[in-house]
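Trainee: Sharing a structure, written as structure tokens. Questions coming.
What follows is calculated from the coordinates using simple rules that are stated; it is not laboratory data. Fair warning: this is a prediction, and the values are worked out from it, not measured in the lab. Ideal geometry is used to build each Cβ from the backbone, glycine not excepted, and the neighbour counts take in all protein chains shown.
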Amino acid sequence: MKTKDESGFTLLETIIASLVFFTIVPLLVYFIYLLQSATASYASNEQELILFSQRLTQEAKSAVRIEEEHEHVALILGSGKVVTYSQSNNQLIRRVDQSGHEIVLQGVDEFNIESHSNQTVVHLNLQNGGSYELPLYTWLVPEEVEKWVREVP
């Protein structure tokens, strides 16, 4: 009797293995791409948030007064300019003297402002699930108070 030599692959087995390999590899590359783009999107959103908080804090420091109105905050600067931040759809928009607009933050679910006796707190809820609070303080003294302080002997 003759015995078969079964030590190698048949042509059919090789074709099936190649088909499986060439199907899985592109899917794996695509999933790695999706993971990297999601991570990059999260990182850019974090950078936008940092830039927004730095800018808002700096403007609040140079503000004479901070006014909280429904779903937007107005900063009255020492130079007389009025800078407002408000939400439009999922974007946070900055306007100076009610003209033009600049998108300062994207992916915003909710934008709220709370005023307390000595500070204003900005609350942000982002679409990626992040929730942030930013306290604002004014450092400049309004002109009326400054004149009154100077006139005291």
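Trainee: I'd like the FRET efficiency for Gln119 and Gln91, computed as 1/(1 + (r/R0)^6) with the beta carbon distance as r and R0 of 22 Å, rounded to 0.05.
Mentor: Numbers: r = 25 Å, r/R0 = 1.15.
Working from the Cβ atoms, E equals 0.30.
Trainee: Show me, for region 26-36, the HN-Hα J-couplings you get by feeding each phi into the Karplus relation (A = 6.51, B = -1.76, C = 1.60, θ = phi - 60°), rounded to Hz, glycine and proline as x.
Mentor: x, 5, 5, 4, 5, 5, 5, 4, 4, 5, 5
Trainee: Amide H neighbours of Leu105 under 5 Å, counting only residues 5+ apart in sequence or on other chains, H built in-plane at 1.01 Å?
Mentor: Those lying under 5 Å, H to H, from Leu105 are Leu92.
Trainee: Can you tell me the convex hull volume per residue for region 52-116, based on C-alpha atoms, in Å³ to the nearest whole number? Each step should come with its number before you reach the end.
Mentor: Working: hull volume 5.6 nm³, N = 65.
Cα-based convex hull of region 52-116, divided per residue, equals 86 Å³.
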